[in-house]
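Contents: one structure, followed by commentary.
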């Protein structure tokens, strides 16, 4: 059975990891009052969200609000509702909020359509300040990982890196 959550206002939207660089698991977490939803994701998904949100926010006036830094810490226990698949991002001018839609991944058919329509879904709206704070926090988390190889872009392991471009 799938989960569906919708939040018009959230106390926090954040990203966090568990584990050491090279073996980290990434999570997104939404908190509103006593309700908390955690979604497991990939580092690249987090980085892509930041990139898109920054592009959208660059066309908008500066934000007046910012959450307290402690609000961006991921809360435990971390129990993901689902593993992230498609991401939808946008801006609603009528409410002056950023829309974030997180959908559960799943199997796709030969046409690229999802086989199972009963997938988890989280829809939330955040203020521009919350979106900026998410981006700043998530950038720090992504950057705390292993450095990327200058030639191939893959992460460099502490034990060495067999770069495919340096044959």
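When restricted to residues that are surrounded by 13 or more Cβ atoms within 10 Å (Cβ to Cβ) and farther than 17 Å from residue 3 by Cα, the range 19-37 contains 4.
It is to be established whether one or more residues within the range 78-91 are touching a residue at least 60 places away in the same chain (Cβ under 8 Å) and in a helix (DSSP H, G or I). Looking for residues that are touching a residue at least 60 places away in the same chain (Cβ under 8 Å) and in a helix (DSSP H, G or I), one finds none in the range 78-91, hence no. When you check residue 78 against the structure, is it surrounded by fewer than 17 Cβ atoms within 10 Å (Cβ to Cβ) and touching a strand residue (DSSP E or B) at 6+ places or on another chain (Cβ under 8 Å), yes or no? So residue 78 fits the description; yes.
Residue-by-condition table, conditions (1) crowded, with 17+ Cβ neighbours inside 10 Å; (2) at pLDDT 95 or above; (3) under 13 Å from the mean Cα position of the chain (by Cα); (4) on the phi > 0 side of the Ramachandran plot:
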| site | (1), (2), (3), (4) |
| --- | --- |
| 102 | yes, yes, yes, no |
| 110 | no, no, no, no |
| 115 | no, no, no, no |
| 119 | yes, no, no, no |
| 135 | yes, yes, yes, no |
| 144 | no, no, no, no |
| 147 | no, no, no, no |
| 152 | no, no, no, no |
| 156 | no, no, no, no |
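Sort through 83, 126 and tell me the only one that's surrounded by 17 or more Cβ atoms within 10 Å (Cβ to Cβ) and on the phi < 0 side of the Ramachandran plot. None of the others qualify; the one that does is 126. Taking the range 57-69 as the range and being assigned to a helix (DSSP H, G or I) and surrounded by fewer than 10 Cβ atoms within 10 Å (Cβ to Cβ) as the test, only 58 passes. Kindly evaluate residue 72 against the criterion of being buried (at least 16 other Cβ atoms within 10 Å of the Cβ), modelled with pLDDT under 95, under 21 Å from residue 7 (Cα atoms) and under 13 Å from the mean Cα position of the chain (by Cα). Here the answer is yes, as residue 72 does meet what is asked.
The values are calculated or read from the model by the stated rules, or taken from the named source; none is laboratory data. Because the structure is a prediction, the values reported are computed rather than measured. Heads up, the Cβs are rebuilt from the backbone with ideal geometry, glycines too, and the neighbour counts pull from every protein chain shown.
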